[in-house]
Each structure stands twice: as C-alpha cells, then as structure tokens.
1. Report, by chain and number, residues whose modeled amide H sits under 5 Å from the one on Tyr319, excluding near sequence neighbours (fewer than 5 apart, same chain).
2. Taking amide H positions as placed in the peptide plane 1.01 Å from N, state which residues far from Arg254 in sequence (5 or more) or on other chains have amide H under 5 Å from it.
3. Treating the beta-carbon of each Lys and Arg as +1 and of each Asp and Glu as -1, no other charges, what is the dipole magnitude of segment 158-393 about its Cα centre, to the nearest 20 debye?
4. Given a cut-off of under 8 Å on Cα pairs at least six residues apart, what relative contact order in percent is computed for segment 158-393?
5. Kindly provide the helix-only [θ] at 222 nm of the chain, computed as the sum of -39,500 (n - 2.57) over DSSP H runs of four or more divided by all residues, to the nearest 500 deg cm²/dmol?
6. Would you tally the net charge around Phe467, using a Cβ to Cβ cut-off of less than 12 Å, leaving Phe467 out, and scoring K and R as +1, D and E as -1?
7. From the phi angles alone, apply the Karplus equation (6.51, -1.76, 1.60; θ = phi - 60°) to segment 214-228 and give each ³J(HN,Hα) in whole Hz, x where the residue is Gly or Pro.
8. Could you give me the ³J(HN,Hα) list for segment 482-490, computed from phi with Karplus coefficients 6.51, -1.76, 1.60 and θ = phi - 60°, whole Hz, x at Gly and Pro?
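Each value in this text was obtained by applying a stated rule to the coordinates, not by laboratory testing. Fair warning: this is a prediction, and the values are worked out from it, not measured in the lab. Cβ coordinates were reconstructed from backbone atoms using ideal geometry, including for glycine residues, and neighbour counts include every protein chain displayed.
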Amino acid sequence: MWFRAAYSSSTPQLALESGGIAIRAYKMNAHIKLRGRRDLAGQIYRQIRASIVDGRLAPGERLPSTRTLASELDVSRKTTLDVFERLIGEGYLRSRTGDGTFVSDEMTRLAPTPPRERIVQATGAVWETLPEALPASRKDMPARFDFVGGVTDKRLFPFDKWRKCVSHALRIQARGNGSYHDPSGDQELRLAISRYLASSRAVVSNWQDVIVTNGAQQAIELLARAVIRPGDVIAVEDPGYPPARSVFTAAGARVIDVPVDKDGLRVDALPSKARMVYVTPSHQFPLGMPMTLERRLALLEWAHRRGALVIEDDYDGEYRFEGRPMESLKSLDNAGVVAYVGTFSKTIFPELRIGYMIPPSSLAATLRKAKQVSDWHSSTLMQTALGKFMLDGYFAKHLRHMHREYARRRATLLEYLQGDLADVFTPLPSVAGIHLVAILADDTNEADIIARANQASVGLYGISRMFNTQPSRQGILFGYGGIGVDDIRSGLTQLGETLRATRR
Ligand SMILES: Cc1ncc(COP(=O)(O)O)c(C=O)c1O
C-alpha cells in the first residue's frame, strides 16, 4: 500500500492517493510517497528535504500542520512532529508560533536547479588533452585469440593459497583496534618487498625505505606531486607509457618526449632543464629493449649534474628470458637521484592495485606525507594478505611457475613471428616481460593488419598510440600474459591464413 500526498503553496491542502483513490489539490508542488511501513519518519523527512533542495518547495512556503500531514499520510502525529523538528533543527524549516511552519528563507541561497546538471569546471583544459587509458580488450570486437597487453593469466594463480592468506589477513583485521595505519604500508609487506628486491632485482634497501602504493600508477603520481611545480620540464620516453605521461601533464608539467633507440632512452636528447626523467630501463615500454649499461651510467651522471630525479619504472622486469639481468638504475645510484617503482600488476594481477616505491632518502618524508594526503594508506587487508603470500614462499613459487609458462609462450610467439609470419612481422629484440613488439613490413600498416586479424578473431593492438609524436614505426604489441600456448598457435595459424587469403 502506498500513499501520495501533495500540498499547495497557498493553502496547506493535501491531495491523497490511496489504494487507487486520488484527491488532488488545485496546485501541486510536492508529493510524499510512502512505501511500506518502515522508517516512516525517514521517508517523509527525505522527501520534504529533497523538495526544498530542488526548489519544488520555495522559501517562505507554508507547510501543512503536523496534524494534517499525519492524518493524510496515515502516520502518527509523533512521526510528523519528529520530521518537522529535525527539519527545523537542520535549518530547512522555521516555525512561527501560532502561524505555522514555513520553508526557511535561507533556502534562497541555494542555487536554482538548472534544466541540465551544471558542469563543474575542472582545473584548466589539461584534463581534456589526456588520452583514455591503455586499450583494454575490445568489448565491441571480442576476439577469440586476444593478444592484449598488460594482463596476467589468472587461471594459473594459486587462488587456494591466496585464500588462506586473505583469511589470515581477515583474522588480523578482526583483532585490530580499527584505527588508521602507517601511510608507508604494512611492515611485513614492506619487509617482504625489500627482501624480494634484494634477491631478485639487486635493489638493496631497508624495509623502512619501501612505500606501498595503489599500483605503480600511484607511486608515479605521488612522485609527481612531491617534485613537480607547474611549468616544470619533465622528460618521458617516446614511444612510452601513456598513463605515466598523463600524470605529469595533469600536474601541470611541460612534458617533453625524448626518442628511444635500440639502446634505450637517448640521454643526449634530454632537455637540459628537465627536473625529472621517467624511464622503463629493464624493458622499455612498449618496444621492449633494455637500456644498455652505458646509457644507464650516462643517465645517472646527467641527473646528478642537473639535480634531476629519475623515476625507474621496473614494471615487469621479473620475467627475464635471456642473459643476465641488467643492473637496475637504483642499484647503480650513489647520488640519490633514483626513485625505484615496482608493481604486482604483472606478477599477480592488476586488480590487486598494489605497487611500491623506494624513493631517494631526501624525498622519503615528503612522499609519506603525500601518500597520507592522497588516501592515508592502502588497504591493510590486501597488504597483510600479500605480505603473508610473499613471506610464506607462495609468491616465489608462483613466479617460478609463471616464468616457465611465459617463456614457453614467448618462444611459441617468436617461432611464428620469425617463421610463418616473417614476411609481415619483425619482432624487436626483447628479453623480458610479458609482451613483445613486432614491427610491420613496409607495405602494410597497423589499421589494416588489425582489421584483417579481426576477421580471424585475433585481437591485435598497434603501438602508434604509444607515440606522442609522429610514430616513426608501425608495429603490433603482442601481449602473452593472457593467452596460452595452444591459443597462441591456433590464433597465429589463423592469422597467417587470413593474411595470405586477403593479401593486397
Ligand atoms: C610501463 C608500465 N608501468 C606500470 C604499469 C603497471 O601499473 P600499475 O601498477 O599501476 O598497474 C604498467 C602496466 O601495464 C606499465 O606498462
């Protein structure tokens, strides 16, 4: 059963609909509908308040008496009295003794509701210039064989072990005192990260140096906040990682695109005024080559001379398939100019949203404050679970397993790209990570290959959008994190047949 009451401005008359019977006032300004018999006072309060806020009840307008309203709505007088008392207490209504209850005159200060929702102006036109995020797999063209980058294979993640760790974290959380935690992150997780980096990335740190963030993205954002003043020059790789570039643009920086070649970032092309340089030295994003030691040393020397900060984004360096791991920039940094950034997005999965950074000690206190200003700290539940997952050895085991698996996928992919498909694709040397780039033959282009691949239900993604300047090459980024060996074979076989059948 529901009731509808409407009252007019000039006379506190009510129109009531009940069980199909309707009595209407000659001028209706507001309706009160009651659904069910629960929280009647709350229902009436919210509807009268909403009518005042959106202007259906104007300042100075008289309301029906609590007695009339109670009787018409079939609620107790106490209910309507409570509602009015609350609205008067909050300043929406005022009562004049012996005269009645009116919408407060203060409400004239509320902006009138425009016909369409008003658009709040964002800070400057900068946001409009930002690209959308990286291409996710295409919902409009779902591909049976999808080589999208940036995803991991969840089918191979040990969810049984993870469940144990999350249960453990829940127990710890239930025992906690419900307060805020350290902005730098959970102590055990920081210890686990610090140990892991020492053994696998040759990055030596104390656990106190580690700051846990919501993904590498937040680490980059906090570094930008801590260092960039509007107008500062920031250097990024071109082609590069668009979400990082967006952080710097949004912070008001003048972002300069620096070309990369087979040895990585061209240090000789860095703008002399750059305050910060963002690089992906282990596995250049997107092209894949590691930065040579010579370039690394040149970059460190350059940053030291200029007093610039280098952000080393080591987003997927844990998977290395050939040769010895190259020294991280952080491990070569004696001058305190490198902020090392890492993530679990490629080793576990991106939805986890856990990353970390080890900033130079001169910036550590500022970054802890920046993290607190941003979101106080990352979720303790996930941090505790991940800390246990690492300290109990499950993470290392998972990495070993995935390393073997990704090595097979990469080898299969290369076998096709260098064999059956060699007339169209030339893979770039890439010894790490979970994607590789293949450059297209001169007589074709990305849009054409992507469209023809789509006919074979193969999802391919071009590298042009990773260039901020005119793309110097056309190529395809083959992600193999989310596609197994058998599907790589089937997909690339079909791709080869389709390309031959549609040869132009
Ligand atoms: C270059 C680069 N950095 C960082 C990340 C991961 O960022 P996050 O930890 O925010 O998921 C990615 C993911 O694709 C990447 O390509």
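1. For Tyr319, the qualifying residues are Gly433.
2. Those qualifying (amide H under 5 Å, at least 5 residues apart or on another chain) are Gly231, Asp232, Val233, Ile234.
3. Numbers: 29 positive and 26 negative charges, 122 e Å.
Using Cβ point charges on Lys, Arg, Asp and Glu, segment 158-393 gives about 580 debye.
4. Values: 431 pairs, mean separation 69.6, N = 236.
Reported relative contact order: 29 percent.
5. Numbers: 15 runs with 188 residues, N = 504.
Using -39500 (n - 2.57) per qualifying helix, the result is -11500 deg cm²/dmol.
6. Values: positive: Arg245, Arg465, Arg473; negative: Glu237, Asp238, Asp257, Glu446.
Overall, the nearby charge balance is -1.
7. 8, x, 4, 4, 5, 4, 5, 5, 5, 5, 5, 4, 6, 10, 7
8. x, 9, x, 4, 5, 5, 4, 4, 5
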